[in-house]
1. Specify the inter-centroid distance of region A:338-398 and region C:217-262, based on alpha-carbon positions, in whole Å.
2. Counting other beta carbons within 10 Å of each residue's own, what order do A:Val252, C:Val219, A:Val189 fall into, fewest first?
3. Measuring from label point to label point, each 7 Å out along Cα→Cβ, what is the B:Tyr67 to C:Glu197 span in nm?
4. Among B:Tyr8, A:Tyr141, which comes first, second and so on when ranked by fewest other beta-carbon atoms within 10 Å?
5. For region C:110-121, what does the Karplus curve 6.51 cos²θ - 1.76 cosθ + 1.60, with θ = phi - 60°, yield as ³J(HN,Hα) per residue in whole Hz, taken in order and with x for Gly and Pro?
6. How much net charge surrounds A:Asn302 when only other residues with a Cβ under 12 Å from its Cβ are counted (Lys, Arg +1; Asp, Glu -1)?
7. Cβ under 13 Å from A:Ala121's Cβ, A:Ala121 left aside: what net charge do those residues give with Lys, Arg +1 and Asp, Glu -1?
8. Based on the Kirkwood radius over alpha-carbon pairs, what is the Stokes-Einstein translational diffusion coefficient of region A:2-481 at 37 °C with 0.692 mPa s viscosity, in µm²/s?
Amino acid sequence: MEAFSNELNYILLLPLLAVIGILMARRWPNVREGVSIITGILVFYFTWRVYQQVAQNNIVELKWLEILPGLSLHFKVDALGAVFSLVAGFLWIITTLYAIGYMRGHDEKHQTRFYSCFAIAISAAMGVAYSENLFTLFVFYEILTLSTYPLVTHAGTDKAKEGGRTYLGILISTSIFLFLPAIIITWVVAGTLSFSQGGVFTTSTSTILMSFLLILYVFGVGKAALMPIHRWLPAAMVAPTPVSALLHAVAVVKAGVFSVLKICVFIFGADALQNLEITQWLIYIAGFTILMSSLIAMRQDNLKKRLAYSTISQLGYVTLGALLISQSAVVGSTLHIVMHAFGKITLFFCAGAIYVAHHKTQVSEVDGMGKVMPLTFAAFGLASLSIIGLPPLGGMWSKWFLMLGSLDSGYFSMLIVLSISSLLNIVYLLEIPARAFFKPAPENARLEEAPSISVLAIMITSLMCIAMFVYASDLHQFLLEAGLGS
Amino acid sequence: MILDLFNYWVVIALMMIGFFIVIARGNLVKKIIGLNIFQTSVFIFYISAGKVNGGTAPIVVEGAKLYSNPLPHVLILTAIVVGIATTALALSLVIRIKANYGSVEESVILKQDKL
Amino acid sequence: MISHLPILQVIIPLLGAPACLLLNRPNLAWLFSILVSVLTLITSIALLMQVQAQGTISYMLGGWEAPWGIEYRIDFINAFVLVIVSALGAITLIAAKDGISKEIAEPKQPLFYVSFLLCLAGLLGITATGDAFNIFVFLEISSLATYTLIAMGDDRRALWSSYQYLIVGTIGATFILIGIGLMYMMTGTLNIHDLAERLPAVTASNAVLASYAFILVGVALKLALFPLHFWLPNAYTYAPNIVTVFLAGTATKVAIYLLIRFNFDVYEISAPQFKYMINMVFITLGIMAVIIASWTAIYQTNIKRMLAYSSVAQIGYMILGFGLDSVSGLQASLLHLFNHALMKGGLFIALTAVALKLGKVELDDLNGLAKKMPWTFAAFVIGGLSLIGVPLTVGFVSKWYLVVAAAEQQQWYIIGFVLLGSLLAVIYIWRVVEAAWFKPPKELQNAAGNVTATTSREAPVLILIPLWILILANIYFGIDTRFPVSISQQAAQLLFGGA
């Protein structure tokens, strides 16, 4: 039973060991980045092993220690966690590759601090993915917040500190004021914090209390960026692009929606959630978030800001799926975590590449750049299509299941929301490659891409968008067999 | 009635007088005097509590049957010593305050340093 | 030897103090006082183990039987407090040398160690003794030593702070004396254990209620319970840095112990209405302390003063636990007593290191300092996180217990205030962290500043070691919580079972 607990130990502790290595090798950049990459590969290998064990229905469990009676640091991998950690582990390697090109091309300072905090953040994201109970999840959720703060304020300018303050302020205050009380009340009412199939509350728990708790959870997990708790995400865009790419498109925000998904499925349970009056209102709020942030994204000229609002909208999809709670919706949400990860990280990589190579940050500045950076903009187009949800790209499947899920649960209105959102995606995302390729090129335009190691990273992630179209069925199969959903 | 508890009325009167001086006077030495009066009232309180009606001083003598309680008196000897130590320390502090601020008036000191 | 441990606990530092005076050489006195404090620590640990093994220890001073003689009575709760106080005493002394040799003139340095050991002896005496009048005597020993220690600060405002504290402290101690006198009049005994048995018979009398009130106010003055806390920020700010470390970790803790002893052990208030009123007073004052003091802390520019206000707020949490009047509430208070000693001790030692380099601890001067003193400021960050109550630190454990205790009684609003307090702590701690880690270093203009700028490196090892002992303890006891949790649980159950 415990045979695979070693893998979990490695996954959680290797990045921390890497921090020591990174700090020791701070004078030799090549060794330092080498440590990061090797650790990344090892961690990915172990997440893959864990994934396979879960696929064979083996229990992968690890109990560290009991902090207070009944509250323990306890890990147990389920299908959701296995998928999330696999994606995060894979993208860490790619992002490190990309970061080498970006950080050196940009001659950034404090690179040692950058790579160290990065490794801690990854370890924390893995802890969130594998947690067996809400307490463990909360602990790693907070570590994730704190370890990414130095990354957001990396530049050290007043603007960066302002952004960092918003980032930390919103995330900490929501988790202290909403998330933590919700956990404590759950502990007092249900007597346990373990994620369990069908939820932890008994049928006698009052619906008013449960509605109240659901609100606390859904807004308390500030990283899920449900409106109106979304302001931190655009604020975090002051960070260097690799940070925005991995953390604010993959690890941090996905940890947020992942937590919401876990809480909906394993703390409340499908039956309880469906019976709550409040659920439908939260579903409408999720729908509102999806549409509203798409509209805001259209009006953003800053490329990273536009992508940030797009992320908020896409996170709304996952929250929506979690609240709809039907099997297709939950599967759709999980798939969307994966698909959106590959798509959005590619977009951020491209934005960073444009910035490193040409110091352009605004959408209006990319006119005709397609001739200068053809690979980058081709990848941008591809990833946009995946996020819009067109075949033959991975993004299609998650939208498909989410739409199916809305119908299953009888929310025809959400089907419309999702369709309109796709149209809006086309407008605000495809505008960028369209401008790049079809507007007249600036004079003296010649081919000049970002550092080749960064372009390589972009290529890999954009190809993954295509590959996921094919492999989605495997993933779907895996999720169903591992007994996800009701 | 009032005279029955005469000692305790004195205690309360002294206590309030002392307390008032500590609070109302700006002169640091006068504050210490007030503090001493305040403490003295408690000494009297203890000594009064030790008195047993009709009892004699707690010394074994021929013919005495009832003695006053000696314990409060012993206790208060300790408290008096503590009070003297406190006064001595307070006065030495005042000397150093005078050396540093050139005054023993609270208002003058607070004007020199924002506290 | 073993059977005399309870008195050795007090006698060792009490005799160590004059011996220090005889040595009369700063470094010798320092080494000797470390020796004394380590012996004291060993004694307290041995006592705790003895209590765990065989229950409450009763020691008759001079062989006179209680309740006529003076009894030293060690049970779970004071054994626990003895360990906290003596451990902090030892750790503080290790860190003391560099700070003291800079802040205090050389001829006076041995006197510092004398006062320090006297203060330690007084605090341990308050905790160990089982005699009410003895409590008063030891309280005055520790207080007089404390006034002296504060007055040794190198700023002249230290004198004024010391004087202010002397007046307030003496009034508080005299109040306690009155309370003890009234109790003696009603029961004819001074032995705490005996008092607890005899008081219930006369509990309806007004004299007993008056004595309760006098003692409550007197102790509240000593422990700086809001709104009687006005002396504390000044005293903490202008005392020598190392004294602040010691006071923050021990003096208020011992006062809290006194309050626990009197409130839960000695007085058993039977009238439910009165009991309810007292609890509401505790809860209200506790909440006000947490919110108002934390709020004030946010606006302080002197970091020592900021942490002093934070201490007032932390005392509020402990009082809040009293007001809940349940085993888990009291347990939360006891845990916080232990935890707060660890985190505030650590934070104030970090400030000692900073003050050693800069001479002062204004927020603006900290800009970019973390580059030069990474170990010190890493410790500050961890200590700060613990103060906020982040999981995996001790701060989380005590807050968790407090919140669960409030939830047990369905007092939801208390949870809200506790969490609000944490949020305010985030703000005031983060101002420091942001300045030290993320702001560019300020150009030092004055000549003296330039000298420190070029030579300023990491703090001396003798400060770093005790600092990291405390900081690692913050993490260790935040993860392996068995020791404080089990002891505090037994202590809380003992008090509620006995009362």
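1. 61
2. Starting with the residue having the fewest Cβ neighbours, the order is A:Val189, C:Val219, A:Val252.
3. 2.4
4. On the way: B:Tyr8 14, A:Tyr141 27.
If I rank by nearby Cβ atoms, fewest first, I get B:Tyr8, A:Tyr141.
5. x, 5, 4, 5, 4, 4, 4, 5, 4, 4, 4, 4
6. Counting the neighbours of A:Asn302, the net charge comes to +3.
7. Local charge sum for A:Ala121: +2.
8. Roughly 148 µm²/s, to the nearest whole number.
Values in this text are rule-based calculations from the coordinates and carry no lab data. In this text the structure is predicted, and so the values were computed from the model without any measurement. Reconstructed Cβ throughout: ideal geometry from the backbone, glycine too, with neighbour counts over all protein chains shown.
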